[in-house]
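Colleague: Questions regarding the structure given below will be posed in turn.
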Amino acid sequence: KEGKGFMYVMFNFNHERWYIVAGTNAANRLILAECFKWANQRMVFGKKLIEQPVIRGKLAIMAAQIEAVQAWTEQITHQMNVLSHEEQSVVLAGPIALLKFFCTRVANLVSDEACQIFGGRAITKTGMGRVIEAFQKSNKFAAILGGSEEIMADLGIRQAMKHMPNARL
């Protein structure tokens, strides 16, 4: 309809951001799997790398954050399936923005922890560290496309403020 173009562009942002989250978290899962494989085969001081508590701690942090993104994504996906387009634009814009913000922050954490686990191999373009190296270079795209992290965080909070404009203790 004429005069409704901006509204339709805004509607599509929710789906674009959801798609970015789904793709980014799939990449997060791939990196976690690569870290598990590497930690199980890399020998350090006569032991597998995964036998070191600090490495298991890094894997646990990554797994917990990735699973949190996954659970939130599934909740949003369900709402996208049951709400009308108009309802989605009202109630999901903020949560999807915050989900994208959270997911891209998790991707940064995953990238950093994977680099620590892989060591020098994480900066090689070929060999066992190639997936980690590629992720380091590309994960920032998700933080920028569909709205930067700062914009997503602000949008999420502004949307929440609409539902509790005079909140106070």
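The values are calculated or read from the model by the stated rules, or taken from the named source; none is laboratory data. All of these numbers come straight from a predicted model, not from anything done at the bench. Quick reminder, even Gly has a Cβ in these numbers, built from the backbone with ideal geometry, and neighbours come from all protein chains shown. These area figures cover heavy atoms from the full protein model, side chains too; ligands, DNA and RNA do not enter into them. Shrake-Rupley method; radii C 1.70, N 1.55, O 1.52, S 1.80 Å.
Colleague: Residue under question is residue 42, and the condition is that it be more than 29 Å from residue 97 (Cβ to Cβ) and of a type in the set (D, E, K, R); does it hold?
Modeller: Here the answer is yes, as residue 42 does meet what is asked.
Colleague: If you check residue 153 against the conditions, is it open to solvent by less than 40 Å² (accessible area, probe 1.4 Å) and farther than 20 Å from residue 30 by Cβ?
Modeller: yes
Colleague: Kindly indicate whether any position in the stretch 77-97 is at pLDDT 95 or above and of a type in the set (D, E, K, R).
Modeller: no
Colleague: I need the full set of residues from the stretch 139-155 which are touching a residue at least 40 places away in the same chain (Cβ under 8 Å) and farther than 19 Å from residue 13 by Cβ, in order please.
Modeller: 139
Colleague: Here are some conditions: (1) under 22 Å from the mean Cα position of the chain (by Cα); (2) in a loop (DSSP other than H, G, I, E, B). Residue 141 meets all but one. Which one does it not meet?
Modeller: (2)
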